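Only one structure is covered here, and it is reproduced in the block below.
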Amino acid sequence: LVDSGIILLTFLALIDIFHVEWDSLHIWGILFSILLFNFFAESQDAYRSWRGTQVREEIVSVLSSWLAAVVTLIIVDLFFIQSVFYQDAFLAAWIVVVPIELISWHVVVRMLLRLLRAKGFNTRNVAIVGATDLGVRLKSAFEEMDWSGYRFTGYYDDRADERLAKDMNGDKIALSGSIEQLIIDCKSGTIDTVYITLAMSAEKRIKHIAEMLADSTASVYIVPDI
């Protein structure tokens, strides 16, 4: 909604600044630009949670969505309407200014969320399925990225201690429980996010765990240990 508001208000402001006479074509232009931007943004999953990702990825997603919307409008105009609307100075300014505003807005939101998470707000309790080398590295990443708001709660694994020690070259890892306990914790709301870091060879097991967690409110991400 904020992104759509930025596109609309910038359009209206530039019309006023450039003293442009209002035309019915402007209504359709602004309407379709908003619809197209939202369509491309949704298709690129621009409104997913960007927690724990680099800001560059979000900027690329927003910018490419806007460029795709503008290119689509220009192509439609060239082949069907032929109004050459994009040659107007205020529309050229609008095409350039809007992505700068959209990117600035998204960056500001990320900075505010980062500050809040660093202070303990808007956090997520994270569990890792699989006491693997990848799981250990993932835990370290969460601890280093305190601004992401991810709070590691523990490892969950059904394998015997001897098997775990062998896979981890003798290193002992304390488990928070079995997969059954994980499901209980997820359904009770204790855990918000689950990362499955089992080996690719355990594909059936990974799928089975994901299916069992489907009834819970926890978000599940599969990061196979290759």
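The values are calculated or read from the model by the stated rules, or taken from the named source; none is laboratory data. Just so we're clear, the structure is a prediction, and the values are computed from it rather than from any experiment. Neighbour counts run over all protein chains shown; Cβ positions are idealised from the backbone, glycine included. Only protein heavy atoms, including side chains, enter the accessible area calculation; ligands, DNA and RNA are left aside. Shrake-Rupley method; radii C 1.70, N 1.55, O 1.52, S 1.80 Å.
A few comments on the model shown:
- Residue list for the range 18-50, restricted to those being open to solvent by less than 90 Å² (accessible area, probe 1.4 Å), part of a helix (DSSP H, G or I), over 17 Å from Ile75 (Cα atoms) and out of contact with any Asp or Glu (no Cβ under 9 Å at 6 or more places or on another chain): Ser24, Ile27, Ser43
- Only one entry in Glu203, Glu143, Glu180 is assigned to a helix (DSSP H, G or I), at pLDDT 90 or above and of a type outside the set (Lys, Arg), namely Glu180.
- Scanning the range 210-226 for residues that are under 23 Å from the mean Cα position of the chain (by Cα) and assigned to a helix (DSSP H, G or I) yields Ala210, Glu211, Leu213, Ala214, Asp215.
- Residue among Ser83, Ser104, Ser49 that alone is among the hydroxyl-bearing types (Ser, Thr, Tyr), out of contact with any helix residue (DSSP H, G or I) (no Cβ under 9 Å at 6 or more places or on another chain) and at pLDDT below 90: Ser49
- Candidate set: the range 93-120, residues that are under 25 Å from Ile15 (Cα atoms) and under 15 Å from the mean Cα position of the chain (by Cα); chosen: the one surrounded by the fewest Cβ atoms within 10 Å (Cβ to Cβ): Ile103
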